[in-house]
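J.: Right, I'll just put the structure down here and ask away after.
The values are calculated or read from the model by the stated rules, or taken from the named source; none is laboratory data. The shown structure was predicted, so the numbers you read here are calculated from the model rather than taken from an experiment. Reconstructed Cβ throughout: ideal geometry from the backbone, glycine too, with neighbour counts over all protein chains shown. Side chains included, ligands, DNA and RNA excluded: accessible areas come from the protein's heavy atoms. Shrake-Rupley method; radii C 1.70, N 1.55, O 1.52, S 1.80 Å.
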Amino acid sequence: MRICIKNAAGFVNAEALKQLESQTEAANLLLENGQGAGNDFIGWVHLPSSITDAFLEEVQACADELRKRCEVVIVAGIGGSYLGARAVNEALASAFDAFVAKDRKNPYVVYAGNNIGEDYLAELMEFISDKQFGIINISKSGTTTETALAFRLLKTQLEKQVGKEEARHRIVAVTDRAKGALRSLATKEGYKTFVIPDNVGGRFSVLTPVGLLPIAVAGGNIREIVRGAQEMEKATDVSVPFAQNLACQYAAIRNALYQSGKKIEILVNFNPKLHFFSEWWKQLYGESEGKENKGIFPASVDFTTDLHSMGQWIQEGERSIFETVISIEKASKTVLVPTDAENLDGLNFLAGKRVDEVNKMAELGTQLAHVDGGVPNIHISFEKLDEFNIGQFIYFFERGCGISGYVLGVNPFNQPGVEAYKKNMFALLNKPGYEAESAAINARLNK
Ligand code: PA5
């Protein structure tokens, strides 16, 4: 993995950037010695190096059992309890995996519990009505409404389709060690369970069973993901000086840009398989940094697709943005542009070239245009889109996020703002215990 900040450094005050070198190193030290805010949620820092073979075998064995019994596995979870797994699964699978019906090696993995769309749930329930399916229900708190609601519906349907005993073998719960409704339910029903460690928050949990189990079910090599993350844990360790420490460099330049008035970071990819990585990254950075009226707003685009929608704004809109480009150095497959005798489309100048070469020139051309247009550019490149590199990618962004949050001066590991909508929703739905809030909200709405 490489990071290049030369097209961003020119947009910031050199002195401020220099100061951020030591600030990011100090922040990295806080992660290491556990003396920063939210220090009861930094279990992810040394998580990769603490993963044992026996643990990976247990996750793989559970995944194999689900793969044996099910054509469809539904991953029920929201936010940090699903985005990481989805990001990895969509990056590794064929773009058309959902349409491949014959000779499948892997079950279909689909997602629920991440919205409250009645049509979505109805369509999912119809889709699985003639299928052998299973459920991985993921919720650290065990009480998240979106996930619990989807699980209630899916569990009921599964028990109806295959009976309670078989359903018990097809449901796995990933939750807190002891607390929460999901833990109690799993104990009562006798489901296989995995624990989300107390000191790992949802958005930092992809390298726990929250991410690893659904990835293994989908056919991903979880050992390689963990190996990549372990390498990156070493490479971003507090003992690695700033000049070599990619996470400190990323945190320093994005904070320098923020201080110079660039309030929006757009994560850019040139590979549609990375779309859900951007969704994962947005949650990681948005929930970690957006508090106390501070924080870079994390946005994302898929290029070249979005050059035809957001390209105009990025090139010439308000100059409050910077881009972080995720570039995959080598495409995994080869497609050459054919020659055409008539050349009616005028594309013979590309004949014989790989499609990836065209894509790379689009990437470079876009970078030059956007930098000329006043958009600083951070460039992060990975050799190829495989499990090892994905593991590196995940840990790099986690570490960069922890460091950035401390440099910004917030607790990157809480999310107090997420509760506001829940309180109102429960009051509006007359949830027991919310009587006072219901009265207040009704008075407000009837004014
Ligand atoms: O990062 C977080 O902590 C959140 O996004 C949670 O993952 C999300 O709200 C789901 O919570 P839970 O796993 O408790 O259902």
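J.: Would you kindly derive the ³J(HN,Hα) couplings of region 103-120 from the backbone phi angles with the Karplus curve 6.51 cos²θ - 1.76 cosθ + 1.60 (θ = phi - 60°), listing them in order in whole Hz, with x for Gly and Pro?
T.: 6, 6, 8, 10, x, 5, 10, 10, 10, 8, x, 10, 7, 10, x, 5, 4, 4
J.: Tell me, what HN-Hα J-couplings in whole Hz come from the Karplus equation 6.51 cos²θ - 1.76 cosθ + 1.60 at θ = phi - 60° for each residue of region 67-77, using x for Gly and Pro?
T.: Along region 67-77, the couplings run 5, 6, 8, 10, 8, 10, 10, 9, 9, 9, x Hz.
J.: Report, ordered by chain and residue number, the lysines lying within cross-link reach of residue 360, taken as a straight Cα distance under 19 Å and ignoring same-chain residues fewer than 8 apart.
T.: Qualifying lysines at Cα under 19 Å: 6, 273, 330, 333, 384.
J.: Which value, in debye to the nearest 20, gives the size of the charge dipole of the chain about its Cα centre, when Lys and Arg are +1 and Asp and Glu are -1 at the Cβ? Can you show the working numbers first?
T.: On the way: 47 positive and 55 negative charges, 199 e Å.
The dipole magnitude comes to about 960 debye.
J.: In whole Hz and in residue order, list the ³J(HN,Hα) couplings for region 83-88 that follow from phi through the Karplus curve 6.51 cos²θ - 1.76 cosθ + 1.60, θ = phi - 60°; x for Gly and Pro.
T.: Each residue's phi maps through the Karplus curve to give 5, x, 4, 5, 4, 5 Hz.
J.: So for region 336-414, taking the charge dipole from beta-carbon charges (+1 Lys/Arg, -1 Asp/Glu), which of 397, 365, 350 sits furthest toward the positive end?
T.: Highest projection toward the positive end goes to 397.
J.: What is the spin-label model distance, in nm, from residue 442 to residue 57 if the labels are put 7 Å beyond Cα along the C-beta direction?
T.: Simple spin-label model gives 5.9 nm for this pair.
J.: Using only the heavy atoms of the protein chains and a 1.4 Å probe, how would 239, 278 rank by accessible area, largest first? List each step's numbers first, then the result.
T.: On the way: 239 90, 278 5 Å².
Largest to smallest exposure gives the sequence 239, 278.
J.: Calculate, for the chain, the solvent-accessible area per residue in square angstrom, rolling a 1.4 angstrom probe over the heavy atoms of the protein chains. Numbers along the way, then the final one.
T.: On the way: 20600 Å² over 447 residues.
That works out to 46 Å² per residue.
J.: To continue, here is another question. Give the cross-link partners of residue 447 among the aspartates and glutamates, using a straight C-alpha distance below 19 Å as the criterion and excluding same-chain residues fewer than 8 apart.
T.: Residue 447 reaches 435, 437.
J.: If one computes the Cα centroid of region 159-225 and of region 38-77, what distance in Å separates the two points?
T.: 8 Å
J.: Sticking with this structure for a sec: Find the relative contact order for region 176-221 and round it to a whole percent, using C-alpha pairs within less than 8 Å whose residues are 6+ positions apart.
T.: Details: 21 pairs, mean separation 13.4, N = 46.
Contact order relative to length: 29 percent.
J.: Using R₀ = 35 Å, calculate the FRET efficiency as 1/(1 + (r/R₀)^6) where r is the Cβ-Cβ separation of residue 130 and residue 94; round to 0.05. Could the numbers behind the result be given before it?
T.: Details: r = 24 Å, r/R0 = 0.67.
About 0.90, to the nearest 0.05.
J.: I would also like to ask the following. Pick from 12, 418, 72: which is most flexible by mean-square fluctuation in a GNM of the chain where alpha carbon atoms under 10 Å apart are linked?
T.: Sorting by GNM fluctuation, first place goes to 418.
J.: Same structure again: If amide H atoms are built 1.01 Å from N in the plane of the peptide, which residues on other chains or at least 5 residues away come under 5 Å of the amide H of residue 325?
T.: Answer set, sorted by chain and number: 268, 378, 379, 380.
J.: Something else now. Using the Cα atoms as the points, what is the convex hull volume per residue of region 296-384 in Å³? Before the final figure, lay out each step's value.
T.: On the way: hull volume 10.0 nm³, N = 89.
So the per-residue hull volume is 112 Å³.
J.: Another question, then. To the nearest 0.05, how large is the calculated FRET efficiency for residue 35 and residue 351 if R₀ is 60 Å and r is the Cβ-Cβ distance? Don't skip to the end; give the middle numbers.
T.: Working: r = 61 Å, r/R0 = 1.01.
Using R0 = 60 Å, I get an efficiency of 0.50.
J.: Report, to the nearest whole %, how much of the accessible area of region 260-327 belongs to carbon and sulfur atoms, 1.4 Å probe, protein only. Intermediate values should be presented prior to the final figure.
T.: Details: 1500 of 2770 Å².
It is 54 percent, rounded to a whole number.
J.: Quick one: check the C-alpha center-to-center distance for region 103-139 versus region 372-397, whole angstrom.
T.: After rounding, the separation between the Cα centres reads 31 Å.
J.: With a cap of 11 neighbouring Cβ atoms within 10 Å, and only residues DSSP puts in a loop, list the trypsin sites (Lys or Arg not before Pro) found in region 301-390.
T.: 333
J.: Whenever you get a sec, line up 4, 248 from highest to lowest accessible area (probe 1.4 Å, protein heavy atoms).
T.: Details: 4 45, 248 0 Å².
Ranking 4, 248 by accessible area, largest first, yields 4, 248.
J.: Where a Cα-Cα gap under 13 Å defines reach, which aspartates and glutamates qualify for residue 234, not counting those fewer than 8 residues away within the same chain?
T.: 32
J.: Calculate, in nm to one decimal, what residue 318 and residue 13 gain on full extension: separation in residues at 0.36 nm each, minus their alpha carbon distance.
T.: Values: separation 305, 0.36 × 305 = 109.80 nm, distance 1.99 nm.
Computed gain between residue 318 and residue 13 is 107.8 nm.
J.: Another one. Name the long-range amide H neighbours of residue 75: under 5 Å, sequence gap of 5 or more, or other chain; modelled H, no Pro or chain starts.
T.: Counting only residues 5 or more places away or on other chains, the set is 110, 111, 112, 136.
J.: Please tell me the relative contact order of the chain in percent, rounded to the nearest whole number, where contacts are Cα pairs under 8 Å and at least six residues apart.
T.: On the way: 747 pairs, mean separation 104.9, N = 447.
Relative contact order here is 23 percent.
J.: Calculate what fraction, in whole %, of the accessible area of region 59-148 sits on carbon and sulfur atoms when a 1.4 Å probe is rolled over the protein chains. If you can, show how the numbers build up before the last one.
T.: Values: 2170 of 4100 Å².
Using a 1.4 Å probe with all protein chains present, region 59-148 comes out at 53 percent carbon and sulfur.
J.: Ok, one more. Ignoring ligands and nucleic acids, what accessible area does residue 310 show with a 1.4 Å probe (Å², nearest 10)?
T.: Surface open to solvent at residue 310 totals about 90 Å².
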